[in-house]
Amino acid sequence: MSRAQISALVFGVGGFGALVAATASNEWKVTTRASSVITATWVYQGLWMNCAGNALGSFHCRPHFTIFKVEGYIQACRGLMIAAVSLGFFGSIFALFGMKCTKVGGSDKAKAKIACLAGIVFILSGLCSMTGCSLYANKITTEFFDPHYVEQKYELGAALFIGWAGASLCIIGGIIFCFSISDNSKTPRMVYTYNGATSVMSSRTKYHGGEGDFKTTNPSKQFDKNAYV
């Protein structure tokens, strides 16, 4: 069992879970703290719906009813995050088939190819998520620092940081999977066979029992009394 593959699987699956959480989250951008203190309301916007809450504890969400009225960068981020989640899902499956500790996947050579494929898929998943989160964050920062932008300004939400973290984990896991090919080729899988139990007495009998075996002599008979005179 390769420790590198286990760590790569942990990184990849953990990153895939973070990508799913970031895609489903509604906190891609939030209202600035200055406006929240004045109005005592908070507005969260995600890829799929907009949510608003106030200091009294009420919280309401409204989904995007049509994709034609959604801005272009949001649609692009949707496509990139869906692609990232899909690639992360298939990368996790390929990683399980490419692990040396599993019985599926064929020979060691075939498992090495599957592990390399899983690594490439994880890297692509991380790049898609990194691109989508960076595109969304660039739009937020551009509007925030634009002095001529008079509409509501937002800050970076928690989902962006979760998406960046998940993308980093997927890329790290994919790189480790790609480098585990040499480990697969150098250390073949160990195959243990059971030959049955052999007793100690039978092995001793086989060694001392037959003709032509080593004969034991009494060392006291080799010396005469005259040897000590």
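Values computed for the structure shown
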{"item": "Debye log10 I(q)/I(0) at q = 0.10 Å⁻¹ for the range 86-184, Cα point scatterers", "result": "-0.39"}
{"item": "Sulfur and carbon atoms: percent of accessible area, the range 114-183 [1.4 Å]", "result": "74 percent"}
{"item": "Cβ-derived FRET efficiency at R0 41 Å, Phe89 paired with Glu143, nearest 0.05", "result": "0.80"}
{"item": "Contour minus Cα-Cα distance for Lys153 and Val70 (0.36 nm per residue)", "result": "28.1 nm"}
{"item": "Interatomic Cα distance distribution for the range 1-141, bins of 10 angstrom, percent", "result": "11, 32, 25, 17, 11, 4, 0"}
{"item": "For peptides 120-131, 14-25, sequence by mean Cβ density within 10 Å, most packed first", "result": "120-131, 14-25"}
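The values are calculated or read from the model by the stated rules, or taken from the named source; none is laboratory data. What you see is a predicted model, and the numbers here were worked out from it, not measured in a lab. Positions of Cβ are backbone-derived with ideal geometry, glycine not excepted, and every protein chain shown enters the neighbour counts. Just so you know, the surface numbers come from the protein's heavy atoms only, side chains and all, with ligands and any DNA or RNA stripped out. Shrake-Rupley method; radii C 1.70, N 1.55, O 1.52, S 1.80 Å.
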